[in-house]
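A quick write-up on the structure given underneath.
What follows draws every value from the coordinates through simple rules; no lab data is involved. Remember, it's a predicted structure, so these values are computed and weren't measured experimentally. Virtual Cβ from ideal backbone geometry, glycine too; neighbours counted across all protein chains shown.
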Amino acid sequence: MRKLLVEGGNPLKGTVRISGAKNSVLKLMAASLLGTGKFEIGDVPAIKDVYTMIGVLESLGVKAKLIDSKLTLEVGELTGVTPTDLVQEMRASIQVMGPLLARLGWVRITKPGGCAIGDRPIDLHLKNLRKLGADIQEEHGFITARAKRLVGCEIVLDFPSVGATENIMMAATLAEGTTVIHNAAREPEIVDAQNFLNQMGAKIFGAGSNSITIHGVDSLGNTNYRVIPDRIEAGSFLIAGAITQGKLTVENVIPQHLVHLIDKLKENGFELEVAANSITITGRNKFYPANILTLPYPGFATDLQPQYLTLTCLAQGSSLIRETVYSRRFGHVEELRRMGANIEVDGNAALVRGVKELSGTSVRASDLRAGAALVIAGLAANGQSEITGVEHIERGYEKLVDKLQAVGGRIRWEEWTSHFLKENEK
Ligand code: EPZ
């Protein structure tokens, strides 16, 4: 087992290159199942979730290789069954449903479980794949979907779900006729998927708006592509630069994907320089509080809520953090309280009263972004922190420790076995 040791108090200074977006590349990998032949995808982060998705694709008959951020896929004959363990391990595996249903006419996956941040049902995926003509049976924790040929129709999403939008969009590329998705999610990763699919021969229009039109085609080919930068990784580093009172530049970013965070950091009083594909933030020891309300894009990103809440722990005043996307995304709060933060949670709202300092201690990450928040807290705290539950962090941040060390972060991995395991070894 590994844990992270973080020595706080050192300002982060220098430049970090941001990796390709986890929440885009996983969908591009699923979308390749709609095509045939060889794909080369650039700027792919070497993170656990990508390797898990490689496992899913390989089990479906795809040859996959990731070398130096370049992912090569060879899509030939496919099977429609995804391995139980891989789907359990990563919720994003359900993104193969739409492509396989459209390509093969059948797919069988295990029902994804919930996770630390919420129940995360897939009712919107299933309801609307049925509207496209799929026969979907759920039994004994498995979902089996069949369809001779999907038929395009008008879809209205009850909630602008990112995954449901992507699954429906992909399924509709090979459906008969036209599909329109109303109240579609507008995340940049969906625009990335549209561009990738259109380069494969699909006819999709409107991604990035709340209405996406897909004209079905008979078949799709392949393409070479480069993933958009990871806006959540970039935002996480900007917050780390601010809270450590450093001067940090993130490069290989698309600033328009971060307008909400940039606006909030300016409201806090931080100075930001925004260039074509980089952003520089200058930290300060006294900064204002600010309130946030997480919403689907272009609202404040829920995936930056834990990191931003951590920043407000040291503001000169109180901040109200409201989480509207997930039912229980405050797993980081208890741990931050152990470091001396003053936070009151009531339902989906957290009131953070700024304190003078945080103190390093041992904390546990409950999920990916909570883990990032605890690393940020450790970098700003007085003294040393040790962070367990780091397997969550490795899912979504490529070379996090190397990147932080390169800009002055005092952080390192340490091997350890839990006391329980030691006791059992005796
Ligand atoms: C994607 O998850 C991201 N994951 C999440 O990032 C991100 O938080 C989320 O979009 C919102 O931006 C990937 O892209 C791999 P949703 P997804 O469907 O598609 C409810 C991270 O940290 N819902 O928009 O699962 C759901 O319960 C991760 O990188 C239904 O009720 O998000 C949640 O409350 C965490 N029924 C809300 O919608 C459904 O059928 C948002 O879910 C689907 C979703």
Count the net charge of all other residues whose Cβ sits under 14 Å from the Cβ of ASP218, scoring Lys and Arg as +1 and Asp and Glu as -1. +2
Using the count of nearby Cβ atoms within 10 Å as a rough guide to exposure, how do TRP413, TRP106 rank from fewest to most? TRP413, TRP106
Round to a whole angstrom and tell me the spacing of the C-alpha centers of the stretch 338-381 and the stretch 194-223. 41 Å
Starting at the first residue of the stretch 38-51, write each ³J(HN,Hα) from the Karplus equation 6.51 cos²θ - 1.76 cosθ + 1.60 with θ = phi - 60°, in whole Hz, x for Gly and Pro. 9, 10, 10, 10, x, 6, 8, x, 7, 10, 4, 4, 5, 5
Can you compute 3J(HN,Hα) from phi for each residue in the stretch 185-190, using the Karplus curve 6.51 cos²θ - 1.76 cosθ + 1.60 with θ = phi - 60°, rounded to whole Hz and x for Gly and Pro? 5, 10, 4, x, 5, 6
Under Karplus coefficients 6.51, -1.76 and 1.60, residue-wise ³J(HN,Hα) of the stretch 399-415 in Hz, glycine/proline x: 6, 4, 5, 4, 5, 5, 4, 5, 10, x, x, 8, 8, 8, 7, 9, 6
What is the set of long-range amide H partners of THR244 at a cut-off below 5 Å, with H atoms built 1.01 Å from backbone N? LEU12
Non-local residues with an amide H under 5 Å from the amide H of ASN222, with H modelled 1.01 Å from N and Pro and chain starts lacking one, are THR36
Whole-Å distance, taken between Cα centres, linking the stretch 288-316 and the stretch 256-277: 13 Å
Count the net charge of all other residues whose Cβ sits under 12 Å from the Cβ of GLN194, scoring Lys and Arg as +1 and Asp and Glu as -1. -1
Any chance you could get the radius of gyration and Dmax over the Cα atoms of the chain, in Å? 21.7, 66
Once you keep just the Cα pairs under 8 angstrom separated by 6 or more residues, what percentage relative contact order results for the chain? 21 percent
Net charge near ALA164: determine it from the other residues with C-beta under 10 Å of the C-beta of ALA164, scoring Lys and Arg +1 and Asp and Glu -1. -2
Amide H contacts under 5 Å for VAL217, restricted to residues at least 5 apart in sequence or on another chain and with H modeled in the peptide plane, are LEU174, ALA175
So, relative contact order of the stretch 22-226 in percent, Cα under 8 Å, 6 or more apart, is 21 percent
Once all Cα-Cα distances of the stretch 22-226 are split into 10 Å bins that start at 0, what whole-number percent is in each one? 10, 40, 40, 11, 0
Quickly rank 137-149, 238-250, 268-280, 333-345 as a protection proxy: mean count of other C-beta atoms within 10 Å, highest first. 238-250, 333-345, 268-280, 137-149
